[in-house]
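Single-structure report; data block below.
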């Protein structure tokens, strides 16, 4: 059978539809990846004015090279991260619009967020935890002692962190 005969039997509309679907799928995937990256960023999170203090303290912390969701969203798999971000995002949109009067003066992580933050602290710092005898995370959480990291008053930063030029080198 000649190649011309094969093309005669191909439904050209179906092929066009398939190619359009592939193109749209690739565009959505690229857009979704960019959207995920942007919505993980400190710049996105700080777009709500009530996050100004958290943003300022974060940007001057030794965790400033991370994205907000490196700590505040599950990192074990994409499905759990998407579900968590959707729920948190819905809550944040509600609080910044209809629930504006219910926003507390001081923001604290909810229990579900604390669990995620603790898991992410441990996943990044696990190797160091085994070297320090008093870091028994079963006796309490990271946040119990390190509540000010990275949104605090500068605790747990080495003195050279505040010397000129050191912050820019880490950004």
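Just so you know, all these numbers are worked out from the coordinates, no wet-lab data involved. Owing to the predicted nature of the structure, the values given are computational and were not obtained by experimental measurement. Cβ coordinates were reconstructed from backbone atoms using ideal geometry, including for glycine residues, and neighbour counts include every protein chain displayed.
Taking other C-beta atoms within 10 angstrom as a stand-in for reagent exposure, 124, 71, 45 fall in the order 124, 45, 71, fewest first. Length available on full extension from residue 59 to residue 123: 0.36 nm per residue minus the Cα-Cα distance, which gives 20.9 nm. Neighbour counts of C-beta atoms inside 10 Å place 87, 59 in the sequence 87, 59, starting with the fewest. Inverting the pair-averaged 1/r between distinct Cα atoms of the stretch 40-107 gives 13.0 Å as its Kirkwood hydrodynamic radius.
Consider a paramagnetic label point 7 Å from the Cα of residue 41 along Cα→Cβ; state which residues of the stretch 48-71 have an amide N under 19 Å from it. Within reach of a label on residue 41: 48-61, 63-71. A Förster distance of 45 Å, applied to the separation of the beta-carbon atoms of residue 26 and residue 93, puts the FRET efficiency at 0.95. Each residue, residue 113 and residue 19, gets one label point 7 Å from its Cα in the Cβ direction; the gap between the two is 4.9 nm.
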